[in-house]
Ligand SMILES: *Cc1c(COP(=O)(O)O)cnc(C)c1O
């Protein structure tokens, strides 16, 4: 290697220091027994899904939800699973908020449904029930309520309209593990189906992973059949039927035991993880509420218990947001935005229609910014983020 000048060495060591102090916006939590459980799963002869770690996860999640739960390979798969269970098909419509991740819509569009995009409440970025009634048509097959940042949608309002039109609600609770609505119900356990994500970017993670909560008891048995490739294998293993055969439509939704082992370890720490995230969330909220005249801060409805999945600010313009990202990058802090509103995306225009004004979705797409939030952030990571932000808005 060519010898370097002292200036080069100094520059590279300054860079290394900054890299060491760099605050990424997200980092996966490693739970205490994760490695041990994964090693156990690897030692088992049987690594296919449905084994002891899967059963543990079903029991833990089932107890939290008060309803049957089936692990899936992702939240996207859980949404596709829900779509299959309610029989979404060509010609149907599914109501989806425009400000959400693509999976909320594509799981239904995959089955031929047209997506009816409605706007979000600018305080929570959650589906705004005021647009719901007008978006419903005789073709409406489902309403998808996504709990943005783990803060509950206005479920009583959505449920009242859904009940009036006899349309099932599917909760996209990808971000909402361990969060509750103001009336105490667990998010994900309110609708006909609830869909969770255990992707690396979520509070509780198994790399890739998800779960379907079957809120409608009438569908529990059918869910199990679809989960097992359309067979009655689960009933057969329980000795309830004497033949194992193809009985209905299905797919292979279940993850392997290795994934379930990772998840089982993480699920033991759900409340610990969420509490650690909450401390950071609260520190941000306390610091930024003081400048709330200049920027928007998260709003949590009275009584709702969220899970500190993410912390965001809403700036005054896309230009200001870009300036803020650059300002924070110089200070070694990564802040990021997300969600091109789906109604305004190439596929959204192809597979969807605008079922309400969508100004608040567009506004969130342009101005919302997420701050670093992960358990393990040091006090210095947190204060650097807060100080850099206050400095920018001073
Ligand atoms: C993360 C996320 C998903 C997708 O989850 P996967 O497990 O990666 O499929 C779906 N919807 C929302 C709202 C999400 O945040």
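Histogrammed with a bin width of 10 Å, the alpha carbon distances of region 306-394 distribute as 15, 40, 29, 13, 3 percent, first bin at zero. Helices in the chain, meaning DSSP H runs of at least 4 residues, each add -39500 (n - 2.57). Divided by all residues, the mean residue ellipticity at 222 nm is -12000 deg cm²/dmol.
Mind checking the angle between helix 6-21 and the chain's longest principal axis? C-alpha axes, 0 to 90 degrees, to the nearest 10. Taking Cα atoms only, the helix is inclined about 40 degrees. Roughly what angle does helix 379-393 make with the longest principal axis of the chain, taking Cα atoms, 0 to 90 degrees, to the nearest 10? On a 0 to 90 degree scale, this one is about 70. For the residues 242, 200, 271, a GNM of the chain with alpha-carbon springs under 10 Å puts the largest fluctuation on 242. Taking other C-beta atoms within 10 angstrom as a stand-in for reagent exposure, 311, 99, 339 fall in the order 339, 311, 99, fewest first. Kirkwood hydrodynamic radius computed over region 254-321 comes to 14.6 Å, based on all pairs of distinct alpha carbons. Measuring r between the beta carbons of residue 241 and residue 218 and using R0 = 25 Å, the FRET efficiency lands at 0.85.
Quote the Stokes-Einstein diffusion coefficient, in whole µm² s⁻¹, for region 111-207, based on the Kirkwood radius over alpha carbon pairs, a temperature of 4 °C and a viscosity of 1.567 mPa s. This corresponds to a translational diffusion coefficient of 93 µm²/s. Of all DSSP beta bridges confined to the chain, the antiparallel ones make up roughly 50%. A viscosity of 1.306 mPa s and a temperature of 10 °C, combined with the Kirkwood radius over Cα pairs in Stokes-Einstein, give a translational diffusion coefficient for region 234-381 of 81 µm²/s.
Distance distribution P(r), the chain, all Cα-Cα pairs, bin width 20 angstrom from 0: 27, 54, 18, 2 percent. Note on region 21-161: semi-axes of the ellipsoid equivalent to its C-alpha gyration tensor, largest first and rounded to whole Å, are 34, 21, 15.
With a Förster radius of 45 Å applied to the beta-carbon distance between residue 251 and residue 334, the computed FRET efficiency rounds to 0.75. Helix 270-289 and the longest principal axis of the C-alpha atoms of the chain enclose an angle of approximately 50°. Comparing mean-square fluctuations of 109, 260, 160 from a GNM of the chain with C-alpha springs under 10 Å, the top value falls on 160. Using C-alpha pairs below 8 Å separated by at least 6 residues, the relative contact order for the chain is 23 percent. From the alpha carbon centroid of region 185-252 to that of region 255-305 is 26 Å.
None of the figures in this text is laboratory data; all of them are computed from the coordinates on show. In this text the structure is predicted, and so the values were computed from the model without any measurement. With ideal geometry, Cβ positions are generated from the backbone for all residues, glycine too; neighbour counts draw on all protein chains shown.
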